[in-house]
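Asker: Here you go, one structure.
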Amino acid sequence: MRTLVGPGLLLFLWQSVWALDVPLETRQPPTITKQSLQEHIVDPKETMVMECEAKGNPHPIFSWRRNGKYFNVARDSQVSMRRRSGTLDIYAKHNPEQYEAEYQCIASNQYGSAYTHKIRLRLYRPPVWPREILEPVVISAGLPLVLPCDAPPGPPKPETYWMSSSFPTMQAVRQDRRVSMGVNGDLYFSNVLVNDSTTDYCCSARFPYKNMIQQKMPVVVKVLTSESLNTRFKFSPESLQAARTVAEAAPTWLSPKGSSSSILVLQGEELLLECIAGGMPTPRITWTKDGEDLPVTSHMKVKNFNKMIQIPKASFEDAGEYVCAATNKIGYIEHTITVRVRAAPFWLERPTNLILAPEENGQLVCRSDGAPRPTISWSINGEPIETSTPQPNRQVSGETITFRSVSTENTAVYQCNASNEHGYLLANAFVNVLHATPRIIGPRNELIKTIEGHRAFLDCRFFGSPVPELRWSKYGQGNLEGNRFRTHRNGTLEIKRIQIEDQGTYLCVISNIAGRDENQVRVEVKEPIIIVTKPRSMKVLRGSDVRLECGVKADITTPIKTTWMKNKNQAALSWSRVSMDESNLVITNVNRGDEGNYTCVIQNDLEQKSASAHLMVMDRPSPPTDLELSDPYERSVRLSWVPGDSNHSPITEYLVQYDDDDWIPGKWKNLSTYPGNLNSVMLHLQPFTYYEFRVIANNEIGSSRPSRPSKRFQTSGAPPDVIPKNLKGVGTWRNNMEISWEPLTWREWNGPHLKYLVWWRRRDSREEWKNATTKWLKYYIYDADTFTPYELKVQAVNDFGLGPESPVVIGYSGEDRPIAAPLNLRVSDIESTQVTLHWDPVTRESIMGQLKEYKVYYWRDSSQLRWHRVNRAMRSKVFPNSNPEPSGVVTDLIPYSNYVMYIVVTNSRYEGPPSNHIHFSTPEGVPSAPRSFRIQQRHLDSIYVDWDLPEEPNGVITGYSLKYQTVNASRGEELKVEEFPPNVTSFSIRRFDRYTRYRFSVAAHTRVGLGEWHTEESPHYTTEIYAQDQVDISTQGWFIGIMCAVALIVLILLIVCFIKRSRGGKYPELVRDKKDISLELVDDKDQEGTFDYSKEEERGLQRAQPSVEAILKRSDSDDSLVEYGEGGEIQFNEDGSFIGQYTGTRRDVRDLDFGGNLELHSPMNTIYSLA
């Protein structure tokens, strides 16, 4: 193939030829400045605008052609042309289709006519999808499927995408190696799976002109599985079992069809090569070009899971034969795509305007290229040059028009047209022949500031005809040419590597035969910016701190500004994390978002300098993406993924997690780990289970976030693998047996409709195994002999087959109540707290089951102390003893007690009859600690202690031992021990001083020995704190007032009683009726106590203390005084009060036996105790 010519620099043959910017005030032919695109799409519902703008002097007049003919704008009421413009406004309210045509705008004045390119006006029509009812697509699992889109073509071409319904929302169809959308918008399935059954698939198209989205009528896809096929066609079980796995198939081409195809593409346009194949398993696509592996370059992209090659801008190097191959484990196919590249015309040198003085020479050059090579044609003011008026000084030679000794007749607009079969180019260039005085165009007396060592450009744009001569000088002296100075043809002076000494004023002078003009330019040279310390590239861990330094030296007269850029955008500064320290950038707690290229930009009004460094943040990996499942089997599936970014630390391993159908959403479990160089692994799974998978990448820094879950996937079924555990047979009644086992978990079912097959037979018998199937976890056997052994086994079964059998276990039928009791129960080695038992064992036959244990029942019948009450609660103790001469020890007995005991035998369900009852007594033991130990302070210099009998005497109390010792005295005191007889339960001790405290310990004695000690310390009776808290109640005002009131009431009652007695001779009837009420006992320590006969005192005595009548022996006399003397004379004072005490016979209370528990208290004692 031929090589196209590249654009280059062309020199004119005549130095007098010069392309200048013509000032608009100078007469000149028209020049097109603005025009619509060649393909112009408009909306007929809005104003249709076709642009055409031009400049010239005089201002151009505009006209239009439509389809090559003159278009009379003035006569069309729906079309108007803008003032001083050629732009058309079309208000097509009626019949807008008539304006669909090819238009061309012409701008003319007296010096020529300029033409726009041809504008093809196309009307935008709203896309409409036909309202069709699409039948559901029914297809078997594993077959390929193509869902056509057939979007309206436009213009312009729409963008298509597919959506699927996933109740209650619509979501984009997820594309992968198996499912993808083709270039034509169709949706391709290499093979369909059960999960592809969706309520609807909708093809949507977005039309960019109005940014409008249209949707096709949805199509329903139903994927038939083996179960649904069996429901429809009733396959045999053998055929159904064979069809449970999806049938595998070799690859076939879905797009393009056949084994070869060809594509023609224009240079610069987008080239798309696509190969989509169907098959099971999903085929893999590979590419080659011209028999070699496809060289992937920067301008080439491989997309759509290797199914498509995209070249955004095609070139001639992209031509050739491309071969795509589809492969799976069943087969291999190829398709050859021949790519041819052509080119529409493109410019090598576009013709430019010529400004010539009379008698000058010039050229118009129009050079282009293309494939095929374009044809060049010339026109003058829109008329072909061949038919125009010939001019002797004009010569046309292919791409060039040559002018010699021009005159004003040569002034015109020339059109160059380069065209081939793929398009055309049109360019306007005018030739303007005129005389013009030289003048400088642009600002005058400029001040230019520049940097030392840079290039400086001093502008001196000028115009004149003939072309003026140009001269530059410094301070008006000499010419500046050569070395570092260069004058460009447009008048600009270039100074290379400008120095400080180049500062000054420069003069530009232009002249021709018509005149002269000049301009001054003042130049200042500044020191350059120098970055002394450049930032260094770093590789840091996430969370660390970074400081990027940027030291600067610059001209002191020019202020500078420091800016930090990150990835070509200005770095966002914040007080908390990213800040600047002078010209340095400080980043604390670096994260992955901080990674990138950082550039320190130092700038002033004249220049800017920059220095860059790359910050690399090492972090845990990014999560894997695009999880894809393939090659499904009953116990495995292949999982593939696209690795995430390693974040500058190599990935060491991948962790695959799964979430199965355990009804606990979001509870992910670890499945397995794999090396970091893999991205496709085979997973071993449980049958008949729904799975979702996700992948976590690990590197030395840490673990990535989990990937998005894969699609939900179900493995096919299989027979159970697990044996039911804990199989046992136990009788629940005497003639049955309950066979039970632990259930299989849902994950262990391996298939639907799990049941259990139970097997049993008598042990040591020749009978056949019996079996039964149940879905429960228990099975009962009836009509069995009592306690008979059976051999048992069980296995799980589902719709896919039988699981393994369990090992044989022995179970027993039900037990009955034992029919015999242990004989000859006896005791030996009787101790105070334990006793040894012996009994004769029962025979195995009489147990009626499995011997479990012997159980002894016993209770404390009484104490050997007749006055001591006991708890007769029954207790028991078991002895799992199967020895020929069984025995046992019963502990925790109470000494000095009488016990009753019997024994029974038990099996797993019942107790047998009781044995003979035996009686035994435990010997005397040591007593427990005395009860109710009290410490009292009855006087300031003495302490009084008393106690009660032990709760368990455990024998006959023979006495008490009391130990005491000071605990806070300044001098040590030896431990003292006091011994007391059994009837003494109190003790009094005089203290050394008011601060002395004592520790008392008391224990009781029996004949066996000393019992448990009770220890207690006396309180702080006389310390300052106690004195503050323990206020003497007898000195309190409120107490004295109450006592006075009580005394007054008692006095009044006594007076009333004596008055009534003096009248009646004896006690009033009221007192006689209440002769049961005892009088208060006289306190030994208060011999002057008085009697109180008030009703309130009588009721108080009845509630506060036991009646003395319960202690004293009462007489039969009705007179209340008989108890105190028989016929004795009673003396009274003159006021009627008693004299002395009663003289009647009475017993001393101290001689009475109160059983150790009775306490008598007087009211005064209560008062003393409160004080």
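Asker: Give the residue list of GluC sites (Glu not before Pro) in the stretch 26-86 that are DSSP loop and have at most 14 other beta-carbon atoms within 10 angstrom.
Answerer: E46
Asker: Sticking with this structure for a sec: Kindly list the residues of the stretch 887-916 that lie in the label zone of V730, defined by a backbone N under 16 Å from the point 7 Å along the Cα-to-C-beta vector.
Answerer: From the stretch 887-916, the list is 907-911.
Asker: GluC sites (Glu not before Pro), restricted to the stretch 464-554: which are DSSP loop and have at most 13 other Cβ atoms within 10 Å?
Answerer: E481
Asker: What is the sum of charges, Lys and Arg at +1 and Asp and Glu at -1, for the other residues whose Cβ falls under 12 Å from the Cβ of I500?
Answerer: After counting each charged neighbour, the total is -4.
Asker: Now a separate question. Between the stretch 780-853 and the stretch 640-716, what's the alpha-carbon centroid distance in Å?
Answerer: Between the Cα centres of the stretch 780-853 and the stretch 640-716 lies a distance of 52 Å.
Asker: Using a Förster distance of 56 Å, how high is the FRET efficiency between K755 and N211, based on the Cβ-Cβ distance and rounded to 0.05?
Answerer: After rounding, the FRET efficiency stands at 0.35.
Asker: Modelled label-to-label distance, V128 and E805, 7 Å Cα→beta-carbon offset: nm?
Answerer: If labels sit at V128 and E805, their model points lie 7.7 nm apart.
Asker: Could you calculate the contour length gain from T588 to V183, that is, 0.36 nm times the residue separation minus the distance between their Cα atoms, to one decimal place in nm?
Answerer: Net length gain for the segment: 141.0 nm.
Asker: Taking the beta-carbon count within 10 Å as an exposure proxy, list H1005, H614 from fewest neighbours to most.
Answerer: H614, H1005
Asker: Report the calculated FRET efficiency for Q850 and L541 (r = Cβ-Cβ distance, R0 = 60 Å), to the nearest 0.05.
Answerer: 0.30
Asker: Where the centroid of each part is defined by its Cα atoms, how far is the stretch 524-561 from the stretch 582-613 in Å?
Answerer: Cα centroid of the stretch 524-561 versus Cα centroid of the stretch 582-613: 8 Å apart.
Asker: Using a 10 Å cut-off around each Cβ, can you sort Y691, Y780 from fewest to most neighbouring Cβ atoms?
Answerer: Lowest to highest Cβ neighbour count: Y780, Y691.
Asker: While we're here: List T732, T557, T689, T87 from most exposed to least, where exposure is judged by having the fewest other Cβ atoms within 10 Å.
Answerer: Lowest count first: T557, T732, T87, T689.
Asker: Within straight cross-link reach of K307, meaning Cα distance under 20 Å, which lysines are found once same-chain residues fewer than 8 apart are removed?
Answerer: K307 reaches K257, K289, K329.
Asker: How much length, in nm to one decimal, is gained on full extension between F1039 and N72, taken as 0.36 nm per residue of separation minus their Cα-Cα distance?
Answerer: 334.8 nm
Asker: Shifting gears a bit: Report the residues of the stretch 125-150 in range of a label on D43: point 7 Å along Cα→C-beta, backbone N strictly under 14 Å from it.
Answerer: Inside the label zone: 125-127.
Asker: What spacing in nm lies between the two simple spin-label points modelled at E481 and K313, each 7 Å away from Cα in the Cβ direction?
Answerer: If labels sit at E481 and K313, their model points lie 4.1 nm apart.
Asker: Same structure again: State whether the stretch 760-893 is rounded, prolate or oblate according to the following rule on the C-alpha gyration tensor (a ≥ b ≥ c being the square roots of its eigenvalues): a/c under 1.5 gives rounded; otherwise a/b larger than b/c gives prolate, and the remaining case gives oblate.
Answerer: prolate
Asker: While we're here: Give, as a single signed number, the net charge of other residues whose beta carbon lies under 13 Å from the beta carbon of D581, with Lys and Arg counted +1 and Asp and Glu -1.
Answerer: Net charge in that neighbourhood comes out at -2.
Asker: Take the alpha carbon gyration tensor of the stretch 694-845, find the square roots of its eigenvalues, order them as a ≥ b ≥ c, and report rounded if a/c is under 1.5; if not, report prolate when a/b exceeds b/c, else oblate.
Answerer: The shape class here is oblate.
Asker: Another question about this same structure. Once amide H atoms are placed 1.01 Å from N in the peptide plane, what residues at a sequence separation of 5 or more from E349, or on another chain, have their amide H within under 5 Å of its amide H?
Answerer: R367, S368
Asker: Same structure, new question: Describe numerically, in nm with one decimal, the distance between label points set 7 Å from Cα along Cα→Cβ at N306 and at E524.
Answerer: 6.6 nm
Asker: Please give the contour-minus-distance gain from Q936 to E359: 0.36 nm per residue of separation, less the Cα-Cα distance, rounded to one decimal in nm.
Answerer: Net length gain for the segment: 192.7 nm.
Asker: Loop only per DSSP, at most 15 neighbouring Cβ atoms within 10 Å: give me the GluC sites (Glu not before Pro) in the stretch 604-713, ordered by residue number.
Answerer: Answer in residue order: E700.
Asker: Go ahead and collect, in residue order, the members of the stretch 95-117 whose backbone nitrogen is under 19 Å from a label point 7 Å along the Cα-Cβ direction of T408.
Answerer: Answer for the stretch 95-117: 109-113.
Asker: Quick one: net charge of T786's neighbours, Cβ under 12 Å, K/R +1, D/E -1?
Answerer: -2
Asker: To the nearest 0.05, how large is the calculated FRET efficiency for V1056 and N983 if R₀ is 51 Å and r is the Cβ-Cβ distance?
Answerer: For V1056 and N983, the calculated efficiency is 0.70.
Asker: Also, quick follow-up: Residue by residue through the stretch 403-414, what is 3J(HN,Hα) from phi via Karplus (6.51 cos²θ - 1.76 cosθ + 1.60, θ = phi - 60°)? Round to whole Hz and write x for glycine and proline.
Answerer: 10, 10, 6, 5, 9, 4, 5, 7, 5, 5, 9, 10
Here, each number is a calculation from the coordinates, and none is a lab measurement. Values in this document were obtained by computation on a predicted structure and should not be read as measured data. Positions of Cβ are generated from backbone atoms using ideal geometry, with glycine treated the same way; all protein chains shown enter the neighbour counts.
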